[in-house]
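The values are calculated or read from the model by the stated rules, or taken from the named source; none is laboratory data. Given the structure is predicted, the values throughout are model-derived calculations rather than measurements. For neighbour counting, all protein chains shown are included, and Cβ atoms are generated from backbone atoms with ideal geometry for every residue, glycine included. Only protein heavy atoms, including side chains, enter the accessible area calculation; ligands, DNA and RNA are left aside. Shrake-Rupley method; radii C 1.70, N 1.55, O 1.52, S 1.80 Å.
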Amino acid sequence: MNYDLLVIGSGPGGYVAAIRASQLGLKVAVVEKENVGGICLNWGCIPTKSLLKSAQVFEYTKHAADYGVAIDGDIKADFTSMVKRSRDVAGGMSNGVQFLFKKNKVEKIEGFGKLVAKNTVEVTDSKGKKEKYTARHILLATGAHSKQLPNLPQDGKKIIGYREALSLDKQPESMVVVGSGAIGSEFAYFYSAIGTKVTLVEFMPTLVPNEDADVAAQLGRSFKKMGMKVMVNSSVEKVDTSGKKCKVTVKTKKGEEQIEADIVLSAVGIEPNLEGIGLEEMKIATEKGKIKVDDYYRTNVEGVYAIGDIVHGPALAHVASAEGIICVEKIAGENPQPLDYGNIPANTYTTPEIASVGMTEKAAKEAGYELKVGKFPFTASGKAKSAGAADGFVKLIFDAKYGELLGAHLIGANVTEMIAELVVARKLEITGHELIKSVHPHPTMSEAVMEAAAAAFDEVIHI
C-alpha cells in the first residue's frame, strides 16, 4: 500500500481528518483538484466573512456620528477592493492549510480522485494524466456544490451561485436573492449594506426557516429596517434574461409580481459532490442522495469511509471536521464517542448575527415537553446599548420538569461567539439554575445568557 489513509477532498472535513490521522501515526495523502481548504476556505465560510466585515465597517463609518466621530467627505463602498481583500484572506488561509500539511507530513496529490478497485484510487490531473494510488483506508470528503433549480438555470453572469457572488467584476445596482438560509441571508445583507437594492425571496413562511420563529421574525424586522425588500411565502417562477436586466416573476399569495434586477443569486441550497467518484462501480450504498455510513463513517464497503456534506447530517464545516476526527481516530484504534447531532451549533453571520443549538420552541412542544422559556432583549443590555447594537435577544428553552436546557436561540451582535457556552452547557447537562448561578462578567453581551435563564425561572433582575 502507498498509504495508510488516502483522503479525497481537502475541505474542513478532509484536511482536518488528514492532519489528525497523521498525528496518530498514519501515513496520509490528500487528493485535491483545486486549492486546499475546499469550498469553505476558498469560496464559502472564510471569504464571505471577509466581505461581511467590510460591509460592517462601511456601516460603522456611515453611522460614525452616532459614536461621536466626525468624518468629512463622502463614505463610499469600494466593491473591487472588498472583493480583493476577500480573495486575499481566502488565499492566505489556503496557504495556511498547505503549511499544516507540510508540518504534519501530509502529502498532497493534485487531481480528481475516483475509487476504481478495492483500496485503490485513480487520480486524473489537470492534463488528463491518470495515476493509481493504494491505501488501507480511503476517506471520501468531496463536499458539495450550489444546487441548480430547473427554473433558475445558473449562467454565471445574470443568474449566479455563491461562487460568482464572491467575485463579481462590479457591484450590481439591484439583486434578487432566492433563498434565505445562511448563504442567501448573508449575501442579501452584504449587498444591501453596501448599497445594492436587494429583494430577498423565501418560499417558506419565515426567513431562515430552520431557526426559531422569534429569531426569524427579528431578522425580518432588521432586514426591512435597513431597506431590504423581504418576500416570504413566495417563489421565483421564472427569470427572463434576454434583456439588459433580469425580469423575475415571483409568485406570492396575492398573485404574481414582476421584479427587475441586474443579478439573480440562487441560494436554494447545495448538492453533494457524488458524481464520478466511483460509488456505482464500488457498489457503495446511498440513501436519499447521500452516502450511508455508520456512527464512525464506515460505508458498506470495507476500507471506505465518508464524511461531511456527502453524508446525512447538517452541511456545516465544523460538523465535517468533527466527523473527520472521529472517523480517523476510530481507524487508528482509538475509542471516540459518536457525534451528538442534537448538539450542533448553527451560525448565520448577518447583522444582527444568528446562533442556535438544540430544539426550537415549536419542536420542543411537539416533542411533548412542558417548557420554561426565558428571553432577554439586548435593549436591556448595557454592553449592547453602549456598542449601538441593541437589536436582538437571547432565548433559552428548558424542560420544566428537570430544568434541562433543550434549546438556545440568539440573535444580535457577536452571538456567534457566545453560542459555544450553551453547546458546552447542553453537553454537560447543566440546568437552568446552574446557568443562573454561574456569574457572568459585566458589562458583556454574554450576561444575556444568565438573564435569559433567570427569566425562564422568574428570577430575572434587569427586565
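Could you list, in sequence order, all residues of the range 115-151 that are closer than 20 Å to Cys327 by Cβ, of a type in the set (Gly, Ala, Ser) and open to solvent by 50 Å² or more (accessible area, probe 1.4 Å)? If the condition is that a residue be closer than 20 Å to Cys327 by Cβ, of a type in the set (Gly, Ala, Ser) and open to solvent by 50 Å² or more (accessible area, probe 1.4 Å), then no residue fits.
Out of all the residues in the range 270-282, is one or more out of contact with any Leu (no Cβ under 7 Å at 6 or more places or on another chain), open to solvent by less than 50 Å² (accessible area, probe 1.4 Å) and more than 25 Å from Ile159 (Cα to Cα)? Yes, that holds for at least one residue.
When the range 123-151 is filtered for residues that are within 21 Å of Ile291 (Cβ to Cβ), outside any strand (DSSP E or B) and either free of Cβ contacts under 8 Å to residues at least 40 places away in the same chain or among the hydroxyl-bearing types (Ser, Thr, Tyr) (or both), only Thr142 remains. Is it the case that Ala188 is at pLDDT 95 or above and within 14 Å of the chain's Cα centre (by Cα)? For Ala188, the condition - at pLDDT 95 or above and within 14 Å of the chain's Cα centre (by Cα) - is not met. Mind checking whether some residue in the range 367-380 is more than 12 Å from Ala452 (Cβ to Cβ), free of Cβ contacts under 8 Å to residues at least 40 places away in the same chain and within 27 Å of the chain's Cα centre (by Cα)? Within the range 367-380, one or more residues are more than 12 Å from Ala452 (Cβ to Cβ), free of Cβ contacts under 8 Å to residues at least 40 places away in the same chain and within 27 Å of the chain's Cα centre (by Cα).
Contact map, the range 167-192: residues that are over 17 Å from Val250 (Cα atoms) and assigned to a loop (DSSP other than H, G, I, E, B) paired with residues that are among the aromatic types (Phe, Trp, Tyr) and modelled with pLDDT of 95 or more, Cβ distance under 6 Å, separation 6+ or inter-chain. Pairs shown: Gln171/Phe79. Within the range 283-301, the residues that satisfy the criterion of being open to solvent by less than 70 Å² (accessible area, probe 1.4 Å), touching a helix residue (DSSP H, G or I) at 6+ places or on another chain (Cβ under 7 Å) and of a type in the set (Val, Ile, Thr) are Ile291, Val301. Exactly one residue out of Thr351, Thr360 is β-branched (Val, Ile, Thr), open to solvent by 40 Å² or more (accessible area, probe 1.4 Å) and in contact with a helix residue (DSSP H, G or I) (Cβ under 8 Å, 6 or more places away or on another chain), and it is Thr351. Across the range 54-85, the qualifying residues are those that are of a type in the set (Val, Ile, Thr) and touching a helix residue (DSSP H, G or I) at 6+ places or on another chain (Cβ under 7 Å), and the one among them that is nearest to Gly388 (Cα to Cα) is Ile71. Of the listed requirements (1) in contact (Cβ under 8 Å) with a residue 24 or more places away in the chain; (2) open to solvent by 50 Å² or more (accessible area, probe 1.4 Å); (3) over 17 Å from Pro150 (Cα atoms), Lys224 misses just one: (1).
Open to solvent by 40 Å² or more (accessible area, probe 1.4 Å) and of a type in the set (Gly, Ala, Ser) - does that describe any residue in the range 72-81?
yes
Scanning the range 408-432 for residues being under 13 Å from Leu396 (Cβ atoms) and surrounded by fewer than 15 Cβ atoms within 10 Å (Cβ to Cβ) gives a total of 0. Only residues that are open to solvent by less than 60 Å² (accessible area, probe 1.4 Å), of a type outside the set (Asp, Glu) and outside any helix (DSSP H, G or I) were counted across the range 368-401, and they come to 17.
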